[in-house]
Amino acid sequence: MAKILSGDCEQSLDHAAQLLCRGGIVALPTETVYGLAADATNSSAVAQIFEIKGRPLIDPLIVHVLNCEHASTIAHITDTAIKLTEIFWPGPLTLVLPKKPAIPHLVTAGKDSVALRSPSHPVMRRVIEITGLPLAAPSANPFGYISPTTADHVQDSLGSKLQFIVNGGPCEYGLESTILSLLDPQKPSLLRPGPISKVELENALCQTIVLPIPIQKDTAQEAPGMLLRHYSPHTSLQLSPHPHVSHTTKNKNKTALLYLTKPSDAILAEQENTSVFWCSETPDLHQSARHLFALLRLIDMMQFNIIIAELAPEKGIGIAINDRLKRAAQPKA
Ligand code: TXA
Ligand code: MG
């Protein structure tokens, strides 16, 4: 099992930083999800990330930097990028830009572009600052499984393969960052919906943002790694705008209903003999997003035959919630 270090302790952060500088791997908290970090300029360190996660080499990694100036050491920063970083960095916005040679091709899956973000979590920022390195960090979960939003989640699924996990508490957003490609300056394109919405980005740029290609088969994609099935629990998952069991549902006691916000007493009363969970006590979808992955993990350990989860209204953070739920519900290939 990995040793869990406190993110409040400067000595721990020094220790994590030293390990990273020597080509090691450390799980670190960010404001979105926990990441599995390595020196992004060191190919053999980065190779270990792919190995530990069981991640295919066609799936490029996000590189974490302190700020725009740090980003400019590894990517060509455009005027549009500067505008966005001034508003949304540090925070959950990843920008895809033309890469510079400092980043090895292993990180970018052979592409000439690199995905960059400046995290706001103080622990991640401090570690980047001490090392002075850009840190490649995908979500710290086995490939295809639900992303971790606490140090314990990382321990549960990857602890045996890691030396250290830094505990920075539960993640503030609970969903991975929004990814925006700026490779075509005329057509910024949204590769992954996330905590920063398309509308917020369009308002900031006074420009229309092209939508992601609808979820398709795992063939050539603009965002390699944006796989049809991803973030999936082992338990089979179905989606519904109004999860419920009816008198025809078999094995009601083997069914879990997962609501985004607490259902009314009338709805609860109808779900006899069925386990009902909700991500938020109040009708606040940001709160639901924060707890969604943790609750999915918990339910996944409880030996249900099926989880029926509630879809969100398709607006704001609801778009990112639905994106993750739809990928999670895809049947295994
Ligand atoms: O919130 C986050 O973004 C978290 C935390 C740890 O920062 N990281 C994360 O990384 O979600 P990961 O590896 O799970 O997702 C990275 C995705 C890839 O699967 C791919 O879709 C996209 O970022 N990506 C990375 N580099 C790219 C590139 N050069 N061009 C297009 N898409 C890229
Ligand atoms: Mg991931």
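Read the figures in this text as sums done on the coordinates, not as results from a lab. Everything quoted here is computed from the prediction, not taken from an experiment. Glycine also receives a Cβ, built like all others from the backbone with ideal geometry; neighbour counts cover every protein chain displayed.
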Q | Gyration tensor verdict on the stretch 95-157 (Cα atoms; rounded if a/c is under 1.5, prolate if a/b is larger than b/c, oblate otherwise) | A | oblate
Q: Arrange the peptides 200-208, 131-139 so that the one whose residues have, on average, the most other Cβ atoms within 10 Å appears first.
A: 131-139, 200-208
Q: Go through LYS252/LYS332; LYS198/LYS315; LYS53/LYS161; LYS161/LYS326; LYS83/LYS187 and tell me which ones have a Cα-Cα distance over 19 Å in this structure.
A: LYS252/LYS332; LYS161/LYS326
Q: With just the Cα atoms of the stretch 289-333, tell me how far they stretch along each of the three principal axes, in Å, largest first.
A: 33, 26, 14
Q. Residues with amide H under 5 Å of LEU239's amide H, sequence separation 5 or more or different chain, H placed in the peptide plane at 1.01 Å from N; which?
A. ALA309
Q: Using a cut-off of 15 Å between beta-carbons, work out the net charge of the residues near LEU237 (Lys and Arg +1, Asp and Glu -1, LEU237 not included).
A: +4
Q. Bin by bin, in steps of 10 Å, what percent of the Cα pairs in the chain do you find, going until the bin that has the longest distance?
A. 6, 26, 34, 23, 9, 2, 0
Q. Between the stretch 301-333 and the stretch 97-174, how many Å separate their Cα centres?
A. 23
Q: Extending each Cα 7 Å along its Cβ direction at LYS262 and VAL199, get the distance between those two points in nm, one decimal.
A: 2.7
**Q.** Net charge, PRO263 excluded, C-beta distance under 12 Å - Lys, Arg +1, Asp, Glu -1
**A.** -3
Q) Looking at the square roots a ≥ b ≥ c of the eigenvalues of the Cα gyration tensor of the stretch 2-114, which shape do they give, rounded for a/c under 1.5, prolate if a/b is larger than b/c, or oblate? A) oblate
Q) Once amide H atoms are built 1.01 Å from N in the peptide plane, which residues 5 or more positions from ALA329, or in another chain, come under 5 Å H to H? A) none
(Q) Is there a quick way to get the dipole size of the chain? I mean about its Cα centre, with the Cβ of Lys and Arg at +1 and of Asp and Glu at -1; what is the value in debye to the nearest 20? (A) 860
Q.
Taking the beta-carbon count within 10 Å as an exposure proxy, list HIS76, HIS70, HIS121, HIS153 from fewest neighbours to most.
A. HIS76, HIS70, HIS121, HIS153
**Q.** Surrounding net charge for THR178, when Lys and Arg each add one and Asp and Glu each subtract one, Cβ distance under 14 Å
**A.** -1
Q) At what distance in nm do the modelled label points of SER236 and LYS250 sit from each other, each positioned 7 Å from its Cα along Cα→Cβ? A) 0.9
Q. Short version: ³J(HN,Hα) in whole Hz for each residue of the stretch 65-71, in order, from phi by Karplus 6.51 cos²θ - 1.76 cosθ + 1.60 (θ = phi - 60°), x for Gly and Pro, what are they?
A. 10, 6, 6, 5, 5, 4, 4
